[in-house]
Amino acid sequence: MATQSYDVILENVSKSYHKTRAVDRVSLNVKQGTFLTLLGPSGCGKTTTLRLIGGLETPDEGRILIKGRDVTHIPPYKRETNLVFQDFALFPHMNVFNNIAFGLRMSGVDRKEIDRRVHAMLEMVGLPEVLHRRPNQLSGGQRQRVALCRALILEPAVLLLDEPLGALDAKIRKQMQAELKNLQVKLGRAFISVTHDQEEAMTMSDEIAIMNNGKIEQVGTPLSIYERPVSRFVATFLGDCNLIDVIVQNVAPDMVTLRSNLGDFSFTPPTAWQPIVKGAAASLMIRPENIHIEEVNPAMVNRVQGIVSESIFKGSNTEYQIRVNSTHINVQVQGRSNLKQGQSVTAAWRSVDCYLFS
């Protein structure tokens with residue numbers, strides 16, 4: 001493996017606090033110029049992993065490489081990284097110019113060069129007019145961009161973001177998701193972000209690493225993880241899904257037949273799929289938006305009869321809960337739908353619109 005093609009490499013990295021294993025033999029390769037998000041629930045080890053990359057923590061075992069250089073035991077200020085905190089950590093007594101210029105002054109950069117680079121940074125994020133304001137005179141979104149400028153002005157090879165949008169309200173957060181991704185593309189640098197927000201991760205990331213109990217369960221593009229999760233945890237953590245316990249009846253290259261207490265189903269495996277043996281217990285996953293309850297066509301060979309037990313209108317879509325025997329299936333329909341609570345319906349989906357894992 002050519003280390004030059006990766007900005008960050010973690011090799012079997014572990015970190016424990018007392019008897020708690022916060023990070024457990026994590027290996028991860030971050031490609032050059034990639035926006036990668038560490039996603040997982042609170043306490044899964046994602047923030048500790050970020051701090052290990054930044055040098056704020058030292059691993060108990062394993063190696064960390066940045067731009068091909070082993071930095072495992074090198075202090076933060078000697079690494080090609082910089083960290084943006086959730087609370088932005090701006091100096092309240094300094095104006096925006098001095099906040100951004102602080103790192104350059106500590107590095108002994110010429111005054112004219114500092115002036116040029118600070119102005120260029122603020123132009124890049126669309127904030128040239130806030131140069132002389134203090135942090136308490138800025139909005140949340142403006143403070144976030146100033147914090148980014150302060151981190152990026154030192155030109156780190158890798159920018160680390162710890163819940164970068166967590167302190168913003170919902171509307172500004174959505175706006176900043178797009179701005180942050182556009183900034184990363186413009187700079188062409190690796191960004192590694194930590195969040196527990198699924199939508200944020202899927203909006204901004206080139207790749208997502210799903211973490212659970214100190215381990216990485218799956219790494220891939222948002223689409224590949226969403227459509228082909230490797231475990232029940234990944235399936236349920238990244239988006240809504242229905243999981244049906246099944247027994248594999250037959251395995252063929254183009255079709256897998258399954259049996260469950262809801263009926264018999266079929267699954268069309270993708271090209272890159274690890275076959276599950278006949279007789280094995282497995283989970284059949286169907287995303288709510290792939291289930292149809294009003295327009296059922298012959299291609300939807302997987303069908304169950306149920307009763308509408310709940311209906312929630314959310315503006316752009318309507319969410320239904322369909323009771324099938326003692327099981328509930330969640331369905332998402334675009335726009336408005338007129339199905340009533342207690343109405344009998346057929347829920348159906350195609351064999352290519354589900355996924356099977358052991």
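Side notes on the structure shown:
- Single unsatisfied condition, P298 versus (1) in contact with a strand residue (DSSP E or B) (Cβ under 8 Å, 6 or more places away or on another chain); (2) loosely packed, with under 14 Cβ neighbours inside 10 Å; (3) not in a strand (DSSP E or B): (1)
- S337 meets all of the listed conditions (1) modelled with pLDDT of 90 or more; (2) touching a strand residue (DSSP E or B) at 6+ places or on another chain (Cβ under 7 Å) but one, namely (1).
- Residues that are assigned to a loop (DSSP other than H, G, I, E, B), free of Cβ contacts under 8 Å to residues at least 60 places away in the same chain and buried (at least 20 other Cβ atoms within 10 Å of the Cβ), drawn from segment 152-193: I153, L165
- Single residue of segment 123-150 satisfying the filter (of a type outside the set (A, V, I, L, M) and in a loop (DSSP other than H, G, I, E, B)) that is farthest from the chain's Cα centre (by Cα): H132
- Count - residues of segment 1-20 that are of a type in the set (K, R) and modelled with pLDDT under 95: 1
- Test: residue in segment 3-16 that is surrounded by fewer than 21 Cβ atoms within 10 Å (Cβ to Cβ) and free of Cβ contacts under 8 Å to residues at least 24 places away in the same chain: no
- 3 or more residues surrounded by fewer than 21 Cβ atoms within 10 Å (Cβ to Cβ): qualifying strands (runs of 3 or more DSSP E) within segment 26-122: 61-66
- Conditions (1) surrounded by 15 or more Cβ atoms within 10 Å (Cβ to Cβ); (2) assigned to a strand (DSSP E or B); (3) acidic (D, E): number failed by E289: (2)
The values are calculated or read from the model by the stated rules, or taken from the named source; none is laboratory data. The structure presented is a predicted model; accordingly, all values stated were derived computationally and were not measured. We place every Cβ from the backbone using ideal geometry, glycine too, and count neighbours over all the protein chains shown.
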